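Read the structure below first, then the notes.
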Amino acid sequence: MATGWTYIPDFISDPAELLRTAINEVAWTQQMRSRQTASLGIPYNYAGASYPEAPWLPAIWDVALAVEARFGFTPTNCLMNYYPTGEHSIGWHTDDVTILAPDTGIAIVSLGETRTLRLRAGVDPNFEYTHLPLAAGSLLYMTADLQHTHKHCIKPEPGAGPRISLTFRHLTHAPPPVTTARWSRQGDGQGG
């Protein structure tokens, strides 16, 4: 079983209300084929996606302060992933930890439908897998070291309802923006 992660159920008290707020008030972009995304705070430009610096929504900043109280770092970015249905997913990947402040990791707060985060380590065909169902209101904290030994993903789960992940990081700086625009911002801020 993987180490380097901490799971806290019921980290926030009203995930349903925060889900509604995020869907309706966040300026979602369609930069990724498999999900919608947004970035608050210092931009987290990655995998061909670029974001402007954006102000924090008060309700999401409250969660950032709870992350700070629990893990001892002040998030400077919240990358948000919106999976409108169970068909939306994210493939196997590792997160860029070169731009994280020393001794910090990535805190993921889940809203909406429970989806399973899969971790894998090793070499095919001898991968070792860990499956972590991420319930609404829960927090999964992954250390930077875990990104060196494991990949993770969210596979499609047909029939599942909407889910949003709030991923909090303390970035030391914004990565350079992508030079070619591959995305469009939804004009009315509606995410669905």
Check your understanding: Looking at region 105-137, which of the residues that are in a loop (DSSP other than H, G, I, E, B) and in contact with a Lys or Arg (Cβ under 7 Å, 6 or more places away or on another chain) is farthest from residue 77 (Cα to Cα)?
Key -> 127
Review point. Just for strands (runs of 3 or more DSSP E) wholly inside region 138-179: which have at least 1 residues that are under 13 Å from residue 119 (Cβ atoms)?
Key: 139-142, 151-154
Review point. Which residue pairs have Cβ atoms under 6 Å apart, sit 6 or more places apart or on different chains, and have a first residue in region 10-23 that is β-branched (Val, Ile, Thr) and a second that is outside any helix (DSSP H, G or I)?
Key: 12/137; 23/191; 23/192
Check your understanding: touching a strand residue (DSSP E or B) at 6+ places or on another chain (Cβ under 9 Å) and buried (at least 20 other Cβ atoms within 10 Å of the Cβ): does that describe residue 122?
Key -> no
Point to revise | Cross-chain or 6+ apart pairs with Cβ under 7 Å, region 28-50 first and in contact (Cβ under 8 Å) with a residue 40 or more places away in the chain, then polar (S, T, N, Q) and surrounded by fewer than 19 Cβ atoms within 10 Å (Cβ to Cβ) | key: 28/186; 29/184; 30/184; 34/89; 36/30
Study note, to complete from the structure: Out of (1) surrounded by 21 or more Cβ atoms within 10 Å (Cβ to Cβ); (2) in a helix (DSSP H, G or I); (3) not hydrophobic (A, V, I, L, M, F, W, C), the one residue 75 does not meet is (2)
**Study point:** Failed criterion for residue 6 (all others in (1) closer than 16 Å to residue 82 by Cα; (2) not in a loop (DSSP other than H, G, I, E, B) hold)
**Key:** (1)
**Study point:** Scope region 52-69; condition part of a loop (DSSP other than H, G, I, E, B) and touching a residue at least 60 places away in the same chain (Cβ under 8 Å); matching residues
**Key:** 53
Exercise for review: Kindly indicate which of 83, 44 is closer than 30 Å to residue 129 by Cβ, surrounded by 22 or more Cβ atoms within 10 Å (Cβ to Cβ) and modelled with pLDDT of 95 or more.
Suggested key: 83
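The values are calculated or read from the model by the stated rules, or taken from the named source; none is laboratory data. Model, not experiment: these values are computed from the prediction. Glycine also receives a Cβ, built like all others from the backbone with ideal geometry; neighbour counts cover every protein chain displayed.
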